[in-house]
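The values are calculated or read from the model by the stated rules, or taken from the named source; none is laboratory data. No experiment lies behind these values; they were computed from the predicted model shown. With ideal geometry, Cβ positions are generated from the backbone for all residues, glycine too; neighbour counts draw on all protein chains shown.
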Amino acid sequence: MLVASILKVFYWFGHYYSLSLLVQAVIMIGVQIVLLKVALDNRPSPGVKNSVEHVPFSNLDEKGFARPYEFWQWKSAKPYWMCLAYFVGALSFVQILLPPIARSDFYVNLLGYAGLAVEAILPLPQIIANHRTRSCKGFRVSVLVAWILGDVMKMSYFFCSKEVIPWAFRLCEHYLAPLHLALRSPAASSLPFKITLVPFPSGTGHMITSLREKEIDVAIGLTEGWIAGLAGKQQAQKDAASGGYKVVGHWVDTPLRWAIITGREREELHTVADLKDKRVGVSRLGSGSHIMSFVLAQKQGWKPDSLTPAVLGPFQALRNGVTGYDSSHPDQPTPAAEFFMWEHFTTKPYFHADADKPHPPLKKIGEIFTPWPSWLIVASTSVFPDPEHDEKLQQLFHVLDQGIKEFQADHDKVVRLLGTGELGCTYVEEDAREWLKDVRFTSSTRGVDRKVVDGVVDVLKVAGVIDPGMSNDEAAERVIGIPR
């Protein structure tokens with residue numbers, strides 16, 4: 001139990017779990033150390049006074065088996081404490097001086113599974129001893145009851161306690177960097193719920209579906225997608241309560257830079273003007289990539305329906321859609337769309353030629369910026385029916401604010417982390433610094449600015465996404481969960 005508890009403490013540094021379970025592990029270490037000292041002080045005297053033998057396979061039992069180097073059967077107390085000191089020292093060495101290993105998923109999971117395995121097999125030595133002697137002499141029923149009661153209480157904690165709530169954030173790319181930093185902070189470990197991060201390449205439209213189907217509780221995504229999902233023409237025909245989510249906070253205050261992309265071999269497409277009346281690849285209807293096609297049409301002076309959406313799926317499917325690549329017929333390209341739009345830096349490795357990739361599959365023929373802050377936070381209305389007064393959301397906002405503060409305080413550190421892939425994505429230093437030069441995360445995540453919502457609604461009305469007959473007050477009522 002002492003070894004298992006030590007492993008669980010070090011596991012916490014790589015995978016922040018409930019603070020109460022960490023406290024339990026620390027208390028258990030103290031109790032087990034006291035128990036070990038009592039056992040060592042009161043055991044029978046060794047056969048040879050003050051001697052410590054380290055002879056392999058000594059003290060053979062009647063069947064000829066002995067532990068190597070008399071492990072945990074030493075004749076004096078010192079080797080026990082030295083063994084524990086070396087064990088903790090080795091784990092501390094890795095944790096402090098070898099951060100690439102300490103932060104790797106393999107190492108963290110190894111600590112977790114090892115601690116779990118050691119704790120799970122604790123009864124085995126007692127079972128083996130009783131089986132060999134064909135007797136239960138020395139085994140107290142109270143010990144068995146204590147084991148069962150402890151496990152039952154722990155299981156009850158996981159399955160019945162309201163303080164353990166698995167939350168799923170579904171977002172992607174470099175814009176989640178402050179969130180990763182937030183979850184590494186001590187403040188995150190004190191949250192009364194678990195946060196699960198899942199990269200979500202299919203876009204905001206899919207997140208809207210997941211929120212309505214109660215698959216996720218909180219999400220961070222594109223501003224235009226969230227607002228169109230609640231106030232768009234299709235949703236406007238339904239009751240406001242059926243929206244499934246509300247916008248509760250800001251994430252990024254600067255516009256999003258969308259690259260306008262087509263296949264490198266599409267010789268007929270050279271400029272944005274060539275895209276009029278063409279097919280635009282979108283991840284889903286209602287997603288950011290779909291909404292931005294209306295914004296592009298408005299900016300170019302085209303009719304709102306001048307671009308035909310082709311629903312292709314996630315990022316890879318969009319890339320294949322404009323090149324026409326099909327794995328079953330690689331020599332017969334059949335493009336499903338003339339172009340698509342996606343975040344600039346995510347797309348850059350596929351259109352930017354360099355020494356390693358002199359002939360990338362895509363080409364960029366333009367770009368467009370959103371005329372509004374690019375990322376907002378939403379919360380499920382089924383989980384948070386009154387988000388403005390929900391204490392758990394308030395705790396979450398505090399942790400997110402801490403992550404943003406750390407992000408803004410040390411951009412060099414962020415560049416290094418983006419280069420290693422530790423924040424969920426990998427970017428070369430040049431791209432990371434160029435992105436950081438233009439991006440500005442909000443200083444306070446809680447609450448939504450009504451002016452931002454009105455500005456988006458006005459543009460989407462002109463683009464034909466929101467019915468012009470809907471008042472801005474009605475749109476704001478449908479959209480805003482926590483006003484600023």
Original post:
Within region 392-409, is there a residue that is more than 30 Å from Ser190 (Cβ to Cβ) and aliphatic (A, V, I, L, M)?
Top reply: no
Subject >> One residue from Ser327, Ser283 being modelled with pLDDT under 90, under 24 Å from Gly221 (Cα atoms) and hydroxyl-bearing (Ser, Thr, Tyr) >> reply: Ser283
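Would you say Arg440 is crowded, with 21+ Cβ neighbours inside 10 Å and closer than 30 Å to Ala297 by Cβ? Quick ask: steps written out before the conclusion?
Working: crowded, with 21+ Cβ neighbours inside 10 Å: no; closer than 30 Å to Ala297 by Cβ: yes.
The answer is no for Arg440.
So, restricting to strands (runs of 3 or more DSSP E) that lie completely within region 170-287, which ones have at least 1 residues that are aromatic (Phe, Trp, Tyr)? Reasoning before the result, please.
Values: elements: 194-198, 218-222, 245-252, 257-263, 279-282.
Those strands (runs of 3 or more DSSP E) span 245-252, 257-263.
Restricting attention to helices (runs of 4 or more DSSP H) lying wholly within region 408-484, give those where 2 or more residues are closer than 20 Å to His250 by Cα and of a type in the set (S, T, N, Q). Full working, then the answer.
On the way: elements: 411-420, 429-438, 450-462, 472-479.
Output list is empty.
Return the only residue of Val48, Val55, Val26 being assigned by TED's automatic domain parsing to the domain that holds Gln73 and either in a helix (DSSP H, G or I) or modelled with pLDDT of 80 or more (or both).
Working: Val48 fails: either in a helix (DSSP H, G or I) or modelled with pLDDT of 80 or more (or both); Val55 fails: either in a helix (DSSP H, G or I) or modelled with pLDDT of 80 or more (or both).
Selected residue: Val26, the only one of Val48, Val55, Val26 that is assigned by TED's automatic domain parsing to the domain that holds Gln73 and either in a helix (DSSP H, G or I) or modelled with pLDDT of 80 or more (or both).
When the residues of region 322-345 are narrowed to those that are among the hydroxyl-bearing types (Ser, Thr, Tyr) and surrounded by fewer than 18 Cβ atoms within 10 Å (Cβ to Cβ), which ends up farthest from Ile261 (Cα to Cα)? Give the steps one after another, and end with the answer.
At the first step, the residues of region 322-345 found to be among the hydroxyl-bearing types (Ser, Thr, Tyr) are 323, 325, 327-328, 334.
Within this subset, residues satisfying the condition of being surrounded by fewer than 18 Cβ atoms within 10 Å (Cβ to Cβ) are 325, 327-328, 334.
Values: Tyr325: 15, Ser327: 21, Ser328: 24, Thr334: 17 Å.
Of everything passing the filter in region 322-345, Ser328 is farthest from Ile261 (Cα to Cα).
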Subject >> Set Arg478, Arg450, Arg446, Arg484: member being buried (at least 21 other Cβ atoms within 10 Å of the Cβ), in contact (Cβ under 8 Å) with a residue 24 or more places away in the chain, under 29 Å from Ser380 (Cβ atoms) and among the basic types (Lys, Arg) >> reply: Arg478
Original post:
When both residues are 6+ apart or on different chains and their Cβ atoms are under 6 Å apart, which pairs have a first residue that lies in region 108-122 and is among the charged types (D, E, K, R), and a second that is modelled with pLDDT of 80 or more?
Top reply: Glu119/Ala4
**OP:** Considering (1) under 21 Å from Ala39 (Cα atoms); (2) surrounded by fewer than 11 Cβ atoms within 10 Å (Cβ to Cβ), say which one Leu144 fails and leave the rest.
**Re:** (2)
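For region 94-110, what are the residues that are of a type outside the set (Gly, Ala, Ser) and surrounded by 12 or more Cβ atoms within 10 Å (Cβ to Cβ)? Give the steps one after another, and end with the answer.
Quick first cut of region 94-110, residues of a type outside the set (Gly, Ala, Ser) only: 94-101, 103, 105-110.
Of everything in region 94-110, those that are of a type outside the set (Gly, Ala, Ser) and surrounded by 12 or more Cβ atoms within 10 Å (Cβ to Cβ) turn out to be Val94, Gln95, Leu98, Ile101, Arg103, Tyr107, Val108, Asn109, Leu110.
Return the only residue of Ser289, Ser306, Ser293 being surrounded by 22 or more Cβ atoms within 10 Å (Cβ to Cβ), more than 26 Å from Glu474 (Cβ to Cβ) and either in contact with a helix residue (DSSP H, G or I) (Cβ under 7 Å, 6 or more places away or on another chain) or not aromatic (Phe, Trp, Tyr) (or both).
Ser289
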**OP:** For region 382-415, name all the residues that are surrounded by fewer than 17 Cβ atoms within 10 Å (Cβ to Cβ) and without any contact (Cβ under 8 Å) to a residue 12 or more places away in the chain.
**Re:** Pro385, Asp386, His389, Glu391, Lys405, Ala409, Asp410, Asp412, Lys413
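From the list Tyr113, Tyr69, exactly one residue is out of contact with any helix residue (DSSP H, G or I) (no Cβ under 8 Å at 6 or more places or on another chain), at pLDDT below 75, of a type in the set (Ser, Thr, Tyr) and surrounded by 12 or more Cβ atoms within 10 Å (Cβ to Cβ). Which is it?
On the way: Tyr113 fails: at pLDDT below 75.
Unique residue meeting the criteria: Tyr69.
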